Each structure stands twice: as C-alpha cells, then as structure tokens.
1. Give the number of residues within region 38-48 that are open to solvent by 40 Å² or more (accessible area, probe 1.4 Å) and either of a type in the set (A, V, I, L, M) or more than 16 Å from Pro99 (Cβ to Cβ) (or both).
2. Can you go through Gly103, Gly35 and tell me which one is of a type outside the set (Val, Ile, Thr), more than 11 Å from the chain's Cα centre (by Cα) and open to solvent by less than 50 Å² (accessible area, probe 1.4 Å)?
3. Could you list, in sequence order, all residues of region 1-42 that are within 12 Å of Thr77 (Cβ to Cβ) and part of a strand (DSSP E or B)?
4. Could you look through region 3-17, keep only residues that are open to solvent by less than 30 Å² (accessible area, probe 1.4 Å) and of a type in the set (A, V, I, L, M, F, W, C), and pick out the one that is nearest to Trp104 (Cα to Cα)?
5. Strands (runs of 3 or more DSSP E) wholly in region 43-114 with at least 1 residues that are at pLDDT below 95 and of a type in the set (D, E, K, R) - which ones?
6. In region 49-61, is there at least one residue being within 15 Å of the chain's Cα centre (by Cα), open to solvent by 20 Å² or more (accessible area, probe 1.4 Å) and under 20 Å from Ser114 (Cα atoms)?
7. Say we look at region 17-39 and pick out the residues that are closer than 17 Å to Gly55 by Cβ and out of contact with any Cys (no Cβ under 6 Å at 6 or more places or on another chain); which of these is modelled with the lowest pLDDT?
8. Pairs under 8 Å by beta carbon, first residue of a type in the set (Asp, Glu) in region 29-46, partner open to solvent by less than 80 Å² (accessible area, probe 1.4 Å) and not in a loop (DSSP other than H, G, I, E, B), six or more apart or different chains?
Amino acid sequence: QVQLVESGGGLVQPGGSLRLSCAASGSIFSIYAMGWYRQAPGKQRELVATMTNRGSTNYADSVKGRFSISRDNAKNTVYLQMNSLKPEDTAVYYCNGVPVTSGWGQGTQVTVSS
C-alpha cells in the first residue's frame, strides 16, 4: 500500500499563497485519480481538488480559480498550489487517491489568519 506524506503547510495571511506537496512511498502512476482533501475543525473531510493521470482536473466550487493541483508521476508527488487564501481555507490538508486508495497520512496544517 502506498504511504503518503504531506508537507508545505503553515501560517499565512489572507490573500497569501502556499504550495503543498504530497510524497508517495510507491508509484502513483497506476492510481487513476489523485486528490487533495481538507478537514477543518468540527467539519467532515472534503475533497477539494482532483487530477487524473491523464491530466484532467476538478475542483470544489469553494477553491475553483484559486487552487491548482498537479502531479509528477515520475517523482511520485502531487502538489497543490493555493493562491488568494481565505480564512475559511484553514484546515488540515491531506492527499489520497480518488476514491481513497491508501491509509491517510498525517496531513499538513494550513492556517490563514491575519
């Protein structure tokens, strides 16, 4: 089973940017779709961005136009570029297959606050 390690989170002011990375211990080439999920305090985990291994992307309405997902199958890494961040983007961010294909990593905390 592929293990996933997320990184790149931090504290950022509203309007700022962050780039998250997700390193997989094994090949993600065969995983048709990879995604970024997030879980805010007291809320259910939600899928915010998806990318297939053919390059098709899909985004939740709440992040459309601000977030961009990419994947590098050769490096077994998935990225999430987050721009124009808002306080409501504060959450722990995770990557996984879509649908979920692996155990959850520890996630990376993103806090948007002035």
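The values are calculated or read from the model by the stated rules, or taken from the named source; none is laboratory data. Note that the coordinates shown come from a computational prediction; the quantities given were computed from them, not determined experimentally. Virtual Cβ from ideal backbone geometry, glycine too; neighbours counted across all protein chains shown. Accessible surface is based on the protein model in full, side chains and every heavy atom, while ligands, DNA and RNA are left aside. Shrake-Rupley method; radii C 1.70, N 1.55, O 1.52, S 1.80 Å.
1. Keep residues of region 38-48 that are open to solvent by 40 Å² or more (accessible area, probe 1.4 Å), which gives 39, 41-47.
Those left that are additionally either of a type in the set (A, V, I, L, M) or more than 16 Å from Pro99 (Cβ to Cβ) (or both): 39, 41-43, 47.
Selection size over region 38-48: 5.
2. Values: Gly35 fails: more than 11 Å from the chain's Cα centre (by Cα).
The unique qualifying residue is Gly103.
3. Scanning region 1-42 gives Leu4, Val5, Glu6, Ser7, Arg19, Leu20, Ser21, Cys22, Ala23, Ala24, Met34.
4. Quick first cut of region 3-17, residues open to solvent by less than 30 Å² (accessible area, probe 1.4 Å) only: 4, 6, 10, 12, 16.
Narrowing the set further to residues that are of a type in the set (A, V, I, L, M, F, W, C) leaves 4, 12.
Numbers: Leu4: 7, Val12: 24 Å.
Only one residue tops the list, namely Leu4.
5. On the way: elements: 46-52, 57-59, 67-72, 77-82, 91-97, 108-112.
Output list reads 67-72.
6. No, region 49-61 contains no residue that is within 15 Å of the chain's Cα centre (by Cα), open to solvent by 20 Å² or more (accessible area, probe 1.4 Å) and under 20 Å from Ser114 (Cα atoms).
7. Phe29
8. What qualifies is Glu46/Tyr37; Glu46/Arg38; Glu46/Gln39.
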